[in-house]
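Chemist: Once you've had a glance at the structure underneath, I'll fire off some questions.
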Amino acid sequence: MIGLNKAFAFLFGANLVAQSAAFAPAVKANLATKLGAISDDDVVDTATREARIMAPLSAVLASLSPLSGISPANAVPSANVFESNLRKNFPGALSNSAIALRVAASLRDRGYTSTNTLFGSSLCSDEINDTAESLVGDFQNKLGVEGVFNLGGLGGLPFVGISGMGAFTSHCPVDGKIFIVFGPHVGISDDGTVGKVERVGKNSVSTSCGAGIGAYKAIMATDTKKEAKDTLGTKDFQEEYIIAQLSDRLDALKGQEPSNETITYVTNKMYDLVWEMLRSEINAFTTKPDFWGSVSEVTLLGGIVVNRGHGGSVSGGEDFFQPLMLKSLAKDGESDVYGEVFGDFPALARPHRAAKYV
């Protein structure tokens, strides 16, 4: 059954890649080596997008049925609670394999190979993000790269700092290219609860992401702003830093009960934290004239990893990823590659993340 699910995921991703060129807007270059902030974009009409995607997929499955014995009626499972909450809270999310298929194809077209590419990830250190079917693993397989430099700590924030980023970029092959995938993660349990996930061997659901949701709970419980800032530098530095940075960003949630919407809001604020820290660290090097003497391009894929439960009676399956950014940086400026790869998903970042849950 796992092999069958992967096969359908491959067909689904391949079908989306074939369509992306038809919907891709022209790429605009921002002639600035320094990375800028997130821009505003429109949210895609999800129902229209799904209708456009599923019709060609159904035709592909119908053509396979004489060979496989699979009918279109039972080949594509109906949306369950997990999937409906995925679409509602993280519109545009695709399976890991579909994301990796699209992005790896674009990277190869841009000259990324197994021997000239340095791969880094700034995802949460939670083991749920480091499985055989993880996004990082999919990229390693599709790009043919063996190693990955782990930049991320709790919540996906690149706590390696300037020293770690310097070590990472110094490993780039001569005239090579750098690819970084980054962002926070969040679980959706089998019953559709955002922020919870089933883990192998556990009898009850577990929190995901524990760092982000734990910080949210601490901020909601008391006035932690002064306390968090006063305790930075202790043995729980990473979590205390997250609390300190989130404390001024969650005012919209004060007085509200935890819900799928509030946890989604927190997760998007976590994305902002990851991007702001990563942008600062990258700019510390890309703004130096000699950096581009050994590196030809840096490509950044940012988004939210959505974990799916495994173990017990849960069917499991691939995790998902909501792509919010895909851009490349070179000596002569910055290029938005999102349209080339996710042209049928207009950039979802700002309008969705800025939604008011009050």
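The values are calculated or read from the model by the stated rules, or taken from the named source; none is laboratory data. Just so it is clear, the model here is predicted, and its values are computed rather than measured. For neighbour counting, all protein chains shown are included, and Cβ atoms are generated from backbone atoms with ideal geometry for every residue, glycine included. Protein only, heavy atoms only, side chains kept; ligands, DNA and RNA dropped before computing areas. Shrake-Rupley method; radii C 1.70, N 1.55, O 1.52, S 1.80 Å.
Chemist: Any idea which residue in the stretch 139-162 is least open to solvent (accessible area, probe 1.4 Å), counting only those that are more than 17 Å from the chain's Cα centre (by Cα) and within 13 Å of Leu278 (Cα to Cα)?
Modeler: Gly161
Chemist: What's the total number of residues in the stretch 326-337 that are open to solvent by 10 Å² or more (accessible area, probe 1.4 Å) and within 17 Å of the chain's Cα centre (by Cα)?
Modeler: Going through the stretch 326-337 one residue at a time, the tally reaches 2.
Chemist: Has the stretch 288-300 got at least one residue that is part of a loop (DSSP other than H, G, I, E, B), open to solvent by less than 60 Å² (accessible area, probe 1.4 Å) and touching a strand residue (DSSP E or B) at 6+ places or on another chain (Cβ under 8 Å)?
Modeler: Scanning the stretch 288-300, I find at least one residue that is part of a loop (DSSP other than H, G, I, E, B), open to solvent by less than 60 Å² (accessible area, probe 1.4 Å) and touching a strand residue (DSSP E or B) at 6+ places or on another chain (Cβ under 8 Å), so the answer is yes.
Chemist: Also: From the residues in the stretch 103-127 that are in a helix (DSSP H, G or I) and at pLDDT 95 or above, which one is most open to solvent (accessible area, probe 1.4 Å)?
Modeler: Applying the filter and picking the extreme gives Asp109.
Chemist: Here's another thing I want to ask about it. Considering only residues of the stretch 253-265 that are over 21 Å from Gly183 (Cβ atoms) and surrounded by 14 or more Cβ atoms within 10 Å (Cβ to Cβ), which is farthest from the chain's Cα centre (by Cα)?
Modeler: The qualifying residue farthest from the chain's Cα centre (by Cα) is Gln256.
Chemist: Which members of the stretch 148-175 meet the condition of being touching a helix residue (DSSP H, G or I) at 6+ places or on another chain (Cβ under 8 Å) and over 26 Å from Gly212 (Cβ atoms)?
Modeler: If the condition is that a residue be touching a helix residue (DSSP H, G or I) at 6+ places or on another chain (Cβ under 8 Å) and over 26 Å from Gly212 (Cβ atoms), then Gly166, Thr169 are the ones that fit.
Chemist: Anything in the stretch 216-240 that is in contact with a Ser or Thr (Cβ under 7 Å, 6 or more places away or on another chain), at pLDDT 80 or above and either farther than 16 Å from Leu154 by Cβ or among the charged types (D, E, K, R) (or both)? List them, or say none.
Modeler: Glu240
Chemist: Could I ask something else about it? Can you tell me which residue is surrounded by the fewest Cβ atoms within 10 Å (Cβ to Cβ) among those in the stretch 271-280 that are over 30 Å from Ser84 (Cα atoms) and in contact (Cβ under 8 Å) with a residue 12 or more places away in the chain?
Modeler: Across the stretch 271-280, the extreme among qualifying residues is Arg279.
Chemist: I'm told Gly187 meets every condition in (1) open to solvent by less than 10 Å² (accessible area, probe 1.4 Å); (2) in a strand (DSSP E or B); (3) at pLDDT 95 or above; (4) of a type outside the set (A, V, I, L, M, F, W, C) except one. Can you identify the failing condition by its number?
Modeler: (3)
Chemist: Working carefully through the options Asn268, Asn307, Asn283, find the one that is at pLDDT 90 or above, in a helix (DSSP H, G or I), polar (S, T, N, Q) and open to solvent by less than 10 Å² (accessible area, probe 1.4 Å).
Modeler: After applying the criteria, what remains is Asn268.
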